[in-house]
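Here the structure comes first, spelled out in structure tokens, and everything after it is commentary.
The values are calculated or read from the model by the stated rules, or taken from the named source; none is laboratory data. Being a predicted model, the structure only gives us computed values, none of them experimental. Ideal geometry is used to build each Cβ from the backbone, glycine not excepted, and the neighbour counts take in all protein chains shown. Only protein heavy atoms, including side chains, enter the accessible area calculation; ligands, DNA and RNA are left aside. Shrake-Rupley method; radii C 1.70, N 1.55, O 1.52, S 1.80 Å.
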Amino acid sequence: MSGPLLAIRDLRVDFATEKGTVRALFGVSLSIDPGETVGLVGESGCGKSVTALSILRLLPSPPAIVRGGEILLRGENLLDLPEKRMCEVRGKAVSMIFQEPMTSLNPVLTVGEQVAEVFTAHRECGRREAAARAVSWLGKVRMPDPERRAREYPHQMSGGMRQRAMIATALALEPSLLIADEPTTALDVTIQAQIMALLQEMRERERMAVLLITHDLGVVHDFADRTAIMYLGRIVEIAPTKGLFSDPIHPYTQGLLASLPGKGTGTARLSSIPGAVPDLSSVPPGCPFADRCPYRQAALDRFRGGADSRDSLGICDREDPPLFEYAPGHFAACHYQRAMRGGGAS
Amino acid sequence: MLRFIVRRLLLTIPLLVGISLISFLMIHLAPGGPISIATDLNPRATADARARLEKYYGLDRPLHVQYARWLERMATLDFGDSFSPDGRPVAQKIRERIPITLTINVLSMGLILLVAIPIGIYSAVHRGSLFDRASTVFVFTGFSIPTFWLALLLMILFGVKLGWLPISGIGSLDYQSLGLAGKIADRARHLLLPVLLAGFSGLAGMSRYMRSNMLEVIRQDYIASARAKGLPERKVVYRHAMRNAVLPVITILGLSVPDLLGGSVIFETIFAIPGMGQLFYQGVMSRDYPLIMGILTIGAFLTLLGNLLADVGYALADPRIRQG
């Protein structure tokens, strides 16, 4: 079958809080082909995890409300599925590993039971066989001494081992899409490398697609075929990973890449993006990044200083820029670049 | 585990001695004494007679000697004789009161658990629903209404107006002549109101406790990961969430062990139930030192035992403590 495995179209999600409605996703569109790895990068609170959780419909509701859009898995809109069918999707067609291995396992059930559960939940086999298959999967994810470990409880294991158990659970039914929500953030650096190597190996063996959510550009660089940059509930740039790193278009992406250490600039201080992410409950109209954007600020300075007779980037404060294609598969949402580089098709 | 239990049991001995010492001093600090209560209003009681009585009960000795003698007897589990006119052994008086108090308390505790845990869990799972709000009002009504007042209302309704239930005591006049089934039915009819009332007033605490436990558990990461596996909601709630939410109830149960034997004075007075509460009340009012000390010591021992049971029970149920 051709076409994307997963296609998110114009997904809008709000959170109803006591202080009023907070918009979390402002029309996110993203597609993932079978076997492809897509990196989703952004800072805390930009909507990465909300996007991931919406795919599996695991957002707590209330307070989360899906306002619009669709999430098509092989053409079927997951947002329309009855809860019972959705349970069949979770863990089987699409599975997920979470950020916090220390708290993602139930403290009162053995690790073996928790892995085995995925087989029984999907009626793959009986209890006894599920237990045996759980042990074999723990072995496949390189859990040392899997038979003994399967009988142990989460508190008896390290973070790395628990994350292996989570991965075993997620891969056990050979899903076509794995969502990895910051799978290594909570782990030591050496364990991070081991877990990423394991994910890499599993991805190749199982030929599954991966949606890798992270704030670590290094991980994305080594791992993802395509990378999407999120800012304030929007995807501001999405491109083949190589193209994104060699020619970042959106000023936010440029800022992120410039802030990476070890780029050989020789300066002692790391560069950073000035300003802070605006409050999601009061997002002004226009481009969400305008306040922190060097292009926008330069244009404002020229206008105020009298060098320009008119504000050349006034549009940034008025209109939220749509995504334009600058190179094959390389989209970015920026008025300035659109004016400078021209071309591109929406 | 066995070593832990033995060590904890041995530790209770010094604790019990300490508690009894404090109780002993407190009782003697209270104004009045058994002799003055028994003789003050008797015009024929001479000073000589009082001295004889004091000597008879050993109250003429210094306080520390009295305590030492009490402790000595306690070491052989001898609670002594009551100061009351019948002069019967304290142990015997307590023993005949325990069954009825224990029955009522165990039944009402069972009722509370049976009703409050499901209410708490269902309210948490369906937070903000009509059921949640209605049950909140219901349990807090039970919590706020003075028990004695509600008891009187129910007695009027079921005992006087409808005539369905007896309103006092624990057996009908013809109790002794009934067969076994008749005895059980008669006892049940007498206990129905007290048990229901005690349960109703205790619902709020437990159900709110369960609800907040469950709400806390439901937002844990492992609940999200259980859902992500494709488990149906029912299994997420009952297999993953409930087990974690019910664990702390074990502690509550352990801590309520002493309450099971301590009757409520108000309750037992309203329903004329010859229970522990009534006995203790009478003991205090007549300054019956051996009786008060006996009941307090049993209460202290049960409290310590309950704590131990709670720890052991929790350890058995929670792998983190069992193997930690």
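Some points to look at:
- Across every pair of non-identical alpha carbons in chain A, the mean reciprocal distance, once inverted, gives a Kirkwood radius of 21.7 Å.
- Which listed pairs, of A:LYS84/B:LYS229; A:LYS19/B:LYS229; A:LYS48/A:LYS84; A:LYS48/A:LYS140, have C-alpha distances above 23 Å, in listed order: A:LYS19/B:LYS229; A:LYS48/A:LYS84; A:LYS48/A:LYS140
- Choice from B:LEU130, B:LEU296, B:LEU150 with maximal GNM fluctuation in chain B (Cα, 10 Å cutoff): B:LEU130
- Percent of Cα-Cα distances greater than 13 Å, calculated over region A:286-346: 60 percent
- Using a probe of 1.4 angstrom and keeping all protein chains present, the accessible surface of the protein assembly as shown works out to 50 square angstrom per residue.
- Highest-fluctuation residue, A:TYR252, A:TYR295, A:TYR336 considered, GNM on chain A with Cα pairs under 10 Å: A:TYR295
- Portion, in percent, of the accessible area of the protein assembly as shown that falls on carbon or sulfur, probe 1.4 Å: 60 percent
- Alpha-carbon geometry of region B:1-137: the Rg and the Dmax are 24.2, 74 Å, given in that order.
- Mean residue ellipticity at 222 nm, helices only, the protein assembly as shown: -16500 deg cm²/dmol; runs of at least 4 DSSP H residues each add -39,500 (n - 2.57), and the sum is divided by the number of residues.
- Per-selection Kirkwood Rh - region A:166-324 (Cα, Å, 1 d.p.): 18.4 Å
- Pairwise Cα inverse-distance average, inverted: Kirkwood Rh of region A:77-150 (Å): 13.6 Å
- The trypsin sites (Lys or Arg not before Pro) of region A:293-346 meeting both criteria, a DSSP state outside H, G, I, E and B (loop) and at most 15 other C-beta atoms within 10 angstrom of the site's C-beta, are A:ARG310.
- Where labels lie 7 Å past Cα in the beta-carbon direction, separation of B:GLU216 and A:ARG123 in nm: 3.8 nm
- Fraction of the pair-distance distribution of region B:95-281 above 21 Å, Cα-Cα pairs, percent: 58 percent
- For A:LYS242, the lysines whose Cα comes closer than 18 Å to its Cα, not counting residues fewer than 8 places off in the same chain, are A:LYS263.
- The slack between A:SER31 and A:ALA339, meaning 0.36 nm per residue of separation minus the straight C-alpha distance, is 108.2 nm.
- Computed over every Cα-Cα pair of chain B and binned at 20 Å starting from 0, the pair-distance distribution P(r) comes out as 24, 47, 25, 3, 0 percent.
- Interface residues, region A:109-132 - accessible area loss of 40 Å² or more versus chain alone, probe 1.4 Å: A:LEU109, A:GLU117, A:ALA121
- Listing of region A:135-160 residues, each with accessible area lower by at least 40 Å² in the full protein assembly than in the chain alone (probe 1.4 Å): A:TYR153, A:HIS155
- In degrees, nearest ten, helix B:276-285 long axis to first principal axis of chain B (Cα): 40 degrees
- Gaussian network model of chain A, Cα within-10 Å springs - most flexible of A:VAL210, A:VAL89, A:VAL41: A:VAL89
- Quarter of the Cα convex hull surface for region A:115-226, i.e. its orientation-mean projected area (nm²): 7.1 nm²
- Between B:ASN42 and B:ASP78, the FRET efficiency from the beta-carbon distance, with R0 = 35 Å, is close to 0.70.
- Range in chain B, longest, excluding exposed trypsin sites (Lys or Arg not before Pro) [loop by DSSP; at most 12 other beta-carbon atoms within 10 Å]: B:45-218
- Available extension along the chain between B:ILE5 and B:ILE98 is 30.8 nm, counting 0.36 nm per residue and deducting the alpha carbon span.
- Association of chains B and A removes close to 2100 square angstrom of accessible area from solvent, both sides included, for a probe radius of 1.4 Å.
- Nearby aspartates and glutamates by direct alpha-carbon distance to B:LYS183 (threshold 16 angstrom, same-chain neighbours under 8 apart not counted): B:ASP174
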